[in-house]
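Read the structure below first, then the notes.
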Amino acid sequence: MPETSSAPTLERVPTVDDYKSSAKPTWCPGCGDFGVLNAVYNSLKVKGYNTEDIVVVSGIGCSSRFPFFVSAYGFHGVHGRAIPISTGVKLANPDLKVLVVGGDGDAFAIGGGHFIHGMRRNVDVTYVIMDNEIYGLTKGQTSPTSNVGFITKSTPKGSVDQPLNPLALALISGATFVARGYSAKPKDLAELIVRGIEHPGMALIDVYSPCPTFNEINTFKFFRDVIKNVPEDHDPSDRAAAIELAMLDNPLYCGLFYQTTESESFDRRMQRLQTKDADPRQVLDRLFEQFS
Ligand SMILES: Cc1ncc(C[n+]2csc(CCOP(=O)(O)OP(=O)(O)O)c2C)c(N)n1
Ligand code: SF4
Ligand SMILES: [Mg+2]
């Protein structure tokens, strides 16, 4: 799979420690986000990028503290704005490897509009969502992925809203790489993240990452019984089949649902257009054509 930029790699064999910062994660013991962090360290080790060529962008939430724990450039942004910030970073320097991280509230509530347009715009960044189906940082409110009947401080009689389906939403919005991971399977997740990084466009990986402190329903025990790998005969170029798999509640499939390399990434397109505009002869020719 061609990569859209060729960031130089470390000159020696990389280790996971190369990508760990000196800040220790402040998450609660047992938080699913630890598994996601490990998977990210391992995926960066596989790619072997120099830490100064990586940027980790997040919004606000427990999961959005992520940039502090990675030895790379980081941007802990504004709630729901990780996609626009990462778009700016990638357009400013397309050679950077940009990882976007955050929670389900950040991605689908306040950031819901950006999510849809991010998917169809297809900027070459990798978006890892730690989906715990709750707002963790603000101490446990219902999120857009919480199920009907979910009782929290914000819905004491149970949520009355249908949950949003992140993968199906991404697929109908024009996403070019759609996958689901599980934080208790960090090896599989690391492989998915590597594939996402190598995808020449926006790669969405929605990860079930339980919050044992505030979500007593979607626990590791709950997922153990329903998580399965995407069927081996699933064709990831078949978008309709991917939507069908994404809509299932049981099993909850993990793995690559959909990938296409047919649409050019936004940053590539912009680079191509800018190069064209930057040629003064062509600009002049076009002006003369306009006035002749
Ligand atoms: C503009 C704005 N609105 C609301 C908040 C309060 N707030 C902070 S984090 C958060 C939700 C976090 O949930 P999620 O994104 O799922 O992350 P998690 O903590 O679960 O990892 C909210 C509502 C805020 N910081 N900024
Ligand atoms: S509140 Fe939940 S999501 Fe936040 S750190 Fe604790 S376990 Fe993780
Ligand atoms: Mg959350």
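Tabulated data
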item	result
Residue within the stretch 89-105 that is of a type outside the set (Asp, Glu), away from ligand 2 (no atom under 16 Å from the Cβ) and without any contact (Cβ under 8 Å) to a residue 12 or more places away in the chain present	yes
Inter-residue pairs, beta-carbon under 7 Å, first under 13 Å from residue 209 (Cβ atoms) and in the stretch 123-147, second hydrophobic (A, V, I, L, M, F, W, C) and near ligand 3 (Cβ under 8 Å from one of its atoms), 6+ apart	132/211; 134/211; 136/62; 136/211; 143/134
Residue count for the stretch 28-40, restricted to those that are surrounded by fewer than 20 Cβ atoms within 10 Å (Cβ to Cβ) and at negative phi	4
Tabulated pairs, the stretch 26-46, first more than 19 Å from residue 217 (Cβ to Cβ), second more than 16 Å from ligand 1 (Cβ to nearest atom) and at pLDDT below 95, C-beta under 6 angstrom, 6+ apart or interchain	45/14
Considering residues of the stretch 73-115 that are out of contact with any His (no Cβ under 7 Å at 6 or more places or on another chain) and β-branched (Val, Ile, Thr) only, the residue nearest to ligand 1 (Cβ to nearest atom)	78
Looking only at the stretch 162-177, and only at residues there that are more than 15 Å from ligand 1 (Cβ to nearest atom) and either of a type in the set (Phe, Trp, Tyr) or assigned to a loop (DSSP other than H, G, I, E, B) (or both), the one that is surrounded by the fewest Cβ atoms within 10 Å (Cβ to Cβ)	162
Count of the stretch 107-140 residues which are more than 16 Å from ligand 2 (Cβ to nearest atom) and part of a helix (DSSP H, G or I)	10
Criterion (crowded, with 22+ Cβ neighbours inside 10 Å, closer than 25 Å to residue 184 by Cα, under 15 Å from the mean Cα position of the chain (by Cα) and at pLDDT 95 or above) met by exactly one of 57, 123	57
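The values are calculated or read from the model by the stated rules, or taken from the named source; none is laboratory data. All values derive from a computational prediction rather than experimental measurement. Note that we place each Cβ from the backbone using ideal geometry, even for glycine, and neighbour counts take in every protein chain shown.
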